[in-house]
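One structure below.
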């Protein structure tokens, strides 16, 4: 039976799927933590390092060859879903699957043929790993097929299926890989990676093929022409991701040149805490918010309403979470890492406004993507990345590791101003009075919590932090209860 067409862009809907995908993201992260703990014991540091290198190779080749089809197809599918044309949807699903099949085959060939070169580059000039890298190439076909299936589900708002698939995939990866590592050790890495990736693809197909039976048309000129528009929109999105990766590499190089590997490790620990765990609130953006925004991208009033509601929910949910995190940061670092990582506390605390301002800027940034103007998105991301490097470098030179956190917060503020001004002019986006009022109020409370963490310690810090957390949570609860 087909899933019900989702209701309008209400706060109830946004809250529901923010909770659903936040919970799924949390479960996926938990599965990842368990898997990493077990693989570290079963494979040792050498095996774990080899696993990370193989994973980086596959992710790099996939990112190079996917042409942003997984992203751009969501936008088009959302538009077709809104218009309700079933025949057009079936035709588009065929186009997406055909293009993903070709992308996967190109990835397989590229990985296999480039394996000697990749081995020499990544393994100290030796070609001994070329065969193993070539054996990983089937993963590229699986990843491309999976990309197409999940993009169709997102675009057609089959969000319950997306949530279930994500959960099953995380559990299946854990169940399949650990026994192989236990039985074969390092020798089982290639088998485990291929098997788990194939299993994830099969899980996706088992949820999509009953809705739209598998059909491809690899020799059709019409399918090629229809898919070319996805490439045109998707490539700038991929380039923006590349620019972000380059920015991260430059920041790490700056930190390493002045502070060494230890400072880089501390920075990464703080960044992951403030970025990944606070990102639980952002987990629904790609799966829920972007498809809905794409479907109303031509209506200024509706897209502004949706953007404001998404920002409002994100700010009200993330502010109490951030306050709790920075107040308890020393405890969190001890639990997730060791006491050796406690020097990262100041950096993580000072980076508290990084995820807070991202809750404001990200819903605005998706506007260009929803409109199909990915060149605007690329331009804004490149400017933001350049400003981030400059701000982190300046703040790190002045205040050390804590300054890196300050630089992250300032870069996110810069992004809000950049996107708000540029897209405000181009797309007429406007923040509603309630959205602006709640963002300002919660920013003041988060700022007060930051001051408490920096200026006080012991019982005073925890009591004051608890009071500010209560105020923030009560405000959020009152507004969400009133409006939803």
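The values are calculated or read from the model by the stated rules, or taken from the named source; none is laboratory data. From a predicted model like this one, the values you see are computed outputs, not experimental measurements. Note that each Cβ is placed from the backbone with ideal geometry, even for glycine, and that neighbours are counted across all protein chains shown.
Listed values, structure above:
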| item | result |
| --- | --- |
| Candidate set: segment 39-52, residues that are at pLDDT 75 or above and surrounded by 14 or more Cβ atoms within 10 Å (Cβ to Cβ); chosen: the one farthest from residue 179 (Cα to Cα) | 50 |
| Failed criterion for residue 185 (all others in (1) modelled with pLDDT under 80; (2) at positive phi; (3) in contact with a helix residue (DSSP H, G or I) (Cβ under 9 Å, 6 or more places away or on another chain) hold) | (1) |
| Check on residue 371, closer than 30 Å to residue 75 by Cα, at pLDDT 90 or above and not assigned by TED's automatic domain parsing to the domain that holds residue 77 | no |
| Residues (in contact with a helix residue (DSSP H, G or I) (Cβ under 8 Å, 6 or more places away or on another chain) and either surrounded by fewer than 21 Cβ atoms within 10 Å (Cβ to Cβ) or not assigned by TED's automatic domain parsing to the domain that holds residue 446 (or both)) located in segment 297-307 | 300 |
| Candidate set from segment 279-296 (those that are surrounded by 22 or more Cβ atoms within 10 Å (Cβ to Cβ) and over 22 Å from residue 28 (Cβ atoms)); member that is modelled with the highest pLDDT | 293 |
| Failed item in (1) part of a helix (DSSP H, G or I); (2) modelled with pLDDT under 95; (3) closer than 21 Å to residue 310 by Cα, with residue 385 passing the rest | (3) |
| Qualifying residue in segment 202-225 (condition: over 30 Å from residue 90 (Cβ atoms) and loosely packed, with under 15 Cβ neighbours inside 10 Å) | no |
| Set 473, 451, 432, 437: member being closer than 21 Å to residue 351 by Cβ and surrounded by fewer than 21 Cβ atoms within 10 Å (Cβ to Cβ) | 451 |
| Residue ranges of helices (runs of 4 or more DSSP H) in segment 71-181 with at least 2 members surrounded by 23 or more Cβ atoms within 10 Å (Cβ to Cβ), touching a residue at least 40 places away in the same chain (Cβ under 8 Å) and touching a helix residue (DSSP H, G or I) at 6+ places or on another chain (Cβ under 6 Å) | 86-113, 138-155 |
| Any hit, segment 267-274, residues being in the same structural domain as residue 409 (by TED's automatic domain parsing), surrounded by fewer than 18 Cβ atoms within 10 Å (Cβ to Cβ) and farther than 15 Å from residue 382 by Cβ | yes |
| Residue among 323, 318 that is at pLDDT 95 or above and either in contact with a helix residue (DSSP H, G or I) (Cβ under 6 Å, 6 or more places away or on another chain) or not in a helix (DSSP H, G or I) (or both) | 323 |
| Total residues in segment 245-265, condition touching a residue at least 24 places away in the same chain (Cβ under 8 Å) and in contact with a helix residue (DSSP H, G or I) (Cβ under 6 Å, 6 or more places away or on another chain) | 6 |
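Rundown of residues vs (1) in contact (Cβ under 8 Å) with a residue 12 or more places away in the chain; (2) within 25 Å of the chain's Cα centre (by Cα); (3) in the same structural domain as residue 361 (by TED's automatic domain parsing), yes/no style:
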residue	(1), (2), (3)
413	yes, yes, yes
419	yes, yes, yes
423	yes, yes, yes
466	yes, no, yes
477	no, no, yes
